[in-house]
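Right, one structure below, let's go through it.
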Amino acid sequence: MIPAEVPNLVAGEERPPTSGAWLEKTRPADGVDLCRVARSGSADVDAAVAAAREAQVEWGARTAVERGDVVRAIAALLRERREEASEIVVAETGKGIELARGETDAAVEMGFFVAGEGRRSYGRTTTASMPHRTVLTLRRPVGVAALLISFNTPLPNAAWKAFPSIFCGNGSVLKPSEHAPVSAWWLGRLCLEAGLPPGVLNVVQGLGPEAGMPLVDDTRVDLVSFTGSAATGRLIAEAAGRRLAKTVMELGGKNALVVCDDADLDRAVEWTVASAFSNAGQRCAAASRIVVMDTVYEDFRTRLLHAVGRVETVGPVISEESMERILRAVEAARAGGATVLAGGARAGDRGWYVAPTVVEGVAPDAPLSCEELFGPVAVLYRAQSFADAIVIANDSPYGLTAAVHTASIHRAMRFADRVAAGVVVVNAGTHGSEPHMGFGGVRQSGTGWKEAGVEALDVYSETRYVNLVVDPALT
Ligand code: NAD
């Protein structure tokens, strides 16, 4: 199921890297080698972009209905191979099989949602100032799309970009994370098997600076769609901006979950644990800042620590480097005067496990409050009032998701109105979107574009306004 060497996929063919160099990929669950991965460079990117450009011409000329049919066939095949897909994700990320199955299902649903656009893809008709004119819109492919993604939920990350890009008639080059290369290779092959013409979706493996940046710099690439950290997003947006390419940045979060004094505390605890620790906190939507109103703070903390004590495992983080970075950040907070209430240490001696960690007494401007850790670490903050809770929630460079726990519709709607976030949840966890809902954040969480939903069509296609003159004198 997992090859010893994961190659690139260019023009429908598996190709080793031009350099002949390979990267080692280990299993996060036990640190054992999983496979070798193509260490691609400019020559591989060059070939993949050329293949995408060539294939796009015929693909983009097909009807939206036909393209939707192919995406539907891909989604159906993915559903059929659910177990195989999920097992690959388990091996390369270390997450539990149930979580992986849920992610495969999310990718399948994205496919079916996008396929349905083949029969919709609605545009607009509007008025014109001159007589005998009709104005309408057409959707046209952007051209060649570079799709650069994170490792955390590898199949949905790929599906969120590749399915709408394919559907909109683009040629695409997917650059997966070096930490999750296998599922992308596997998905690329699955697309071919389901009937996607060779070259419409190419997969180039490798490291960001070596395989990602040449793709971003390539003037034949019309759209750069990136999901990853704000630090990398900044580099990519700068490079793409220099040549004025269309860019979409889906970046990090430092998401707040607010617990009001009228909340159902058991429910709030349950959702805090799920939001902070599922997928080992490696979710852009993870709740890493838990803001609790003063009068229920002690009670909530006691219940939370009890619940955290019962969490058996949160799964490993993706790499040893990531584990050490997370532990160093918690240690630095402790050295700066913070109190580590739970965790703060490695769990086990095999694999890259960090114990679920809860910290309090962290200053709002300390690194642990401001920087995304992408690990199972939650910081507690005490708010003096509801208004104060919103101020604390908004005191962040990020603005991706937010949640509030309250029994009051007034507070819930006030929160939804005032909090800086792209997705707001009332009385549950901080989470992402379903396929039909646009997802994206404000501030350093993104550049304003939404992924998923019909909003994704605006990313992966261009809208053209057509002025149609019908002259009565010529009838
Ligand atoms: P990352 O930024 O390290 O890497 C993301 C991708 O960029 C990878 O494919 C990587 O190889 C590539 N890359 C890295 N450096 C590069 C460079 N200099 N030039 C070109 N490409 C480069 O992020 P990660 O660790 O894989 O993922 C974690 C981040 O992703 C978190 O910040 C998380 O919040 C974010 N994320 C955001 C969303 C969202 O929808 N907003 C979803 C998932 C993850």
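The values are calculated or read from the model by the stated rules, or taken from the named source; none is laboratory data. Only a predicted model underlies this, so the values are computations on that prediction, with no experimental measurement involved. Please note: Cβ atoms are built from the backbone with ideal geometry, for glycine as well, and neighbour counts cover all protein chains shown. Please note that ligands, DNA and RNA were not included when accessible areas were found on the heavy atoms of the full protein model with its side chains. Shrake-Rupley method; radii C 1.70, N 1.55, O 1.52, S 1.80 Å.
Before moving on, here are some points about what is shown:
- The residues of the range 315-374 that are touching a residue at least 60 places away in the same chain (Cβ under 8 Å), open to solvent by less than 20 Å² (accessible area, probe 1.4 Å) and on the phi > 0 side of the Ramachandran plot, listed by number, are G315, G351.
- Only one of the listed residues (Y381, Y460) is aromatic (F, W, Y), at pLDDT 95 or above and under 23 Å from the mean Cα position of the chain (by Cα). That residue is Y460.
- Qualifying residue in the range 186-204 (condition: within 14 Å of the ligand (Cβ to nearest atom) and surrounded by fewer than 24 Cβ atoms within 10 Å (Cβ to Cβ)): no
- Count - residues of the range 1-52 that are in contact with a Gly (Cβ under 6 Å, 6 or more places away or on another chain) and open to solvent by 60 Å² or more (accessible area, probe 1.4 Å): 2
- Verdict on I166 being near the ligand (Cβ under 9 Å from one of its atoms) and either crowded, with 24+ Cβ neighbours inside 10 Å or under 25 Å from A100 (Cβ atoms) (or both): no
- Qualifying residue in the range 241-257 (condition: under 30 Å from E462 (Cβ atoms) and assigned to a helix (DSSP H, G or I)): yes
- Residues in the range 240-253 that are touching a strand residue (DSSP E or B) at 6+ places or on another chain (Cβ under 7 Å) and either within 6 Å of the ligand (Cβ to nearest atom) or not small (G, A, S) (or both): K246, T247, V248, M249, E250, L251, G252, G253.
- Which numbered condition S165 misses (of (1) touching a Lys or Arg at 6+ places or on another chain (Cβ under 6 Å); (2) under 15 Å from D222 (Cα atoms)): (1)
- Every residue from the range 205-217 that is more than 8 Å from the ligand (Cβ to nearest atom) and free of Cβ contacts under 8 Å to residues at least 40 places away in the same chain: D217
- Candidate set: the range 275-309, residues that are farther than 20 Å from L368 by Cα and among the small types (G, A, S); chosen: the one least open to solvent (accessible area, probe 1.4 Å): A307
- Unique residue being touching a residue at least 12 places away in the same chain (Cβ under 8 Å), among the β-branched types (V, I, T) and touching a Ser or Thr at 6+ places or on another chain (Cβ under 6 Å) when the list is V424, V377, V404: V377
- Scanning the range 218-239 for residues that are more than 18 Å from the chain's Cα centre (by Cα) and within 10 Å of the ligand (Cβ to nearest atom) yields one hit, A239.
- Residue match in the range 211-225 (condition: surrounded by fewer than 24 Cβ atoms within 10 Å (Cβ to Cβ), closer than 30 Å to C370 by Cβ and in contact with a Lys or Arg (Cβ under 9 Å, 6 or more places away or on another chain)): no
- Of the helices (runs of 4 or more DSSP H) contained entirely in the range 381-475, not one carries at least 2 residues that are of a type in the set (S, T, Y) and open to solvent by less than 20 Å² (accessible area, probe 1.4 Å).
- Listing of strands (runs of 3 or more DSSP E) fully contained in the range 87-195 that carry 1 or more residues being touching a residue at least 12 places away in the same chain (Cβ under 8 Å) and among the small types (G, A, S): 144-148, 171-175
- Cβ pairs under 9 Å, 6+ apart, first in the range 15-35 and without any contact (Cβ under 8 Å) to a residue 24 or more places away in the chain, second of a type in the set (F, W, Y) and surrounded by fewer than 17 Cβ atoms within 10 Å (Cβ to Cβ): none
- Total residues in the range 196-233, condition in a helix (DSSP H, G or I) and over 20 Å from L23 (Cβ atoms): 4
Let's see how each residue does on (1) away from the ligand (no atom under 16 Å from the Cβ); (2) among the aliphatic types (A, V, I, L, M); (3) within 24 Å of T26 (Cα to Cα):
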| position | (1), (2), (3) |
| --- | --- |
| R101 | yes, no, yes |
| F112 | yes, no, no |
| G123 | yes, no, no |
| V135 | yes, yes, no |
| V142 | yes, yes, no |
| T153 | no, no, yes |
| N170 | yes, no, no |
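- Pairs where the first residue, in the range 258-271, is more than 15 Å from D388 (Cα to Cα) and modelled with pLDDT of 95 or more and the second is open to solvent by 50 Å² or more (accessible area, probe 1.4 Å) and not in a helix (DSSP H, G or I), C-beta under 9 Å, 6+ apart: D262/A407; A263/A407; D264/A407
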